[in-house]
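Notes follow once the structure below has been shown.
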Amino acid sequence: MGALTLMRSVRFGVLPVLVFAMLAGCSRDKEFTALPDGADMPVAHPGETAEKVARYAKEIGKVIGPRGRLDRTVVLPVPCGGEGSRRSVPGRNTELDSWWVSYSPYAESIDTFVELDSADAIRPMLARLRDGLREAGWQIVEYAEDGGVLKAAAPEAGYGATFEGLAPTSERSPRIGVNVSSPCLRHPGAG
């Protein structure tokens, strides 16, 4: 399987959300549902998925340390899979949970950034993230030596993060865009 790329518009620009289906390995110890287009996806409750994404974001925050912090860590759902595979999920979001999903398949994600003091801090922060995440058991999938991009797969198959160095503009300070995401999943209520 190839990587599935979703585009999300966020405050710091358009950041590609990479869900690595090939890295997910789609562990067969989970229940699977066949989609009309023939792809298999694990079935998982969005609340549990959101907790995992938040846990990985917290782990990233620890690696960043005192030199920066994640601007926000609200977990939000994003649709994934082909339009023909999308199904409605019954129910209402009575608790007003940010992760609540009314469709399937879905992914949960955090789109945020780390604000930095100067553009010169981008490259060292990406190197710090690369080294710290590797020590924490993450697999480094891509690292641009020029300090532009870092992609890492979390210890649990299919979860991962993308980091993108963003130069300062007249509207924003230098920062690293951060996306932490789950794999594409089927909602258990999608039937």
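Restricting to the range 99-137, name every residue that is charged (D, E, K, R), within 17 Å of THR73 (Cβ to Cβ) and out of contact with any Pro (no Cβ under 9 Å at 6 or more places or on another chain).
ASP111, the sole residue that qualifies.
Taking VAL78 as the residue in question, decide whether it is surrounded by 13 or more Cβ atoms within 10 Å (Cβ to Cβ), modelled with pLDDT of 90 or more and not in a helix (DSSP H, G or I).
Taking the combined requirement at face value, the residue satisfies it.
Consider the range 169-188. How many of its residues are in a loop (DSSP other than H, G, I, E, B) and in contact with a Leu (Cβ under 9 Å, 6 or more places away or on another chain)?
Residues meeting the conditions: 5.
Among the residues of the range 99-123 satisfying the criterion of being among the polar types (S, T, N, Q) and surrounded by fewer than 17 Cβ atoms within 10 Å (Cβ to Cβ), which is nearest to HIS187 (Cα to Cα)? Before the answer, list the steps.
Of the range 99-123, the ones among the polar types (S, T, N, Q) are 102, 104, 109, 112, 118.
Checking which are surrounded by fewer than 17 Cβ atoms within 10 Å (Cβ to Cβ) leaves us with 102, 118.
Working: SER102: 9, SER118: 42 Å.
Checked the range 99-123; the qualifying residue nearest to HIS187 (Cα to Cα) is SER102.
With the structure loaded, tell me whether ALA107 is at pLDDT below 80 and out of contact with any Gly (no Cβ under 7 Å at 6 or more places or on another chain) or whether it fails that test.
No: the conditions fail for ALA107.
Identify, please: which residue in the range 124-157 is assigned to a strand (DSSP E or B) and of a type in the set (Gly, Ala, Ser) and is, among those, surrounded by the fewest Cβ atoms within 10 Å (Cβ to Cβ)?
ALA153
Quick check on my filter: what residues within the range 101-123 are in a strand (DSSP E or B), closer than 28 Å to GLY82 by Cα and in contact with a Ser or Thr (Cβ under 7 Å, 6 or more places away or on another chain)?
TYR103, ALA107, GLU108, SER109, ILE110, THR112
Can you find a residue in the range 40-50 that is at pLDDT below 90 and within 20 Å of SER182 (Cβ to Cβ)?
Yes.
The values are calculated or read from the model by the stated rules, or taken from the named source; none is laboratory data. All values reported here derive from a predicted model rather than from experimental measurement. Heads up, the Cβs are rebuilt from the backbone with ideal geometry, glycines too, and the neighbour counts pull from every protein chain shown.
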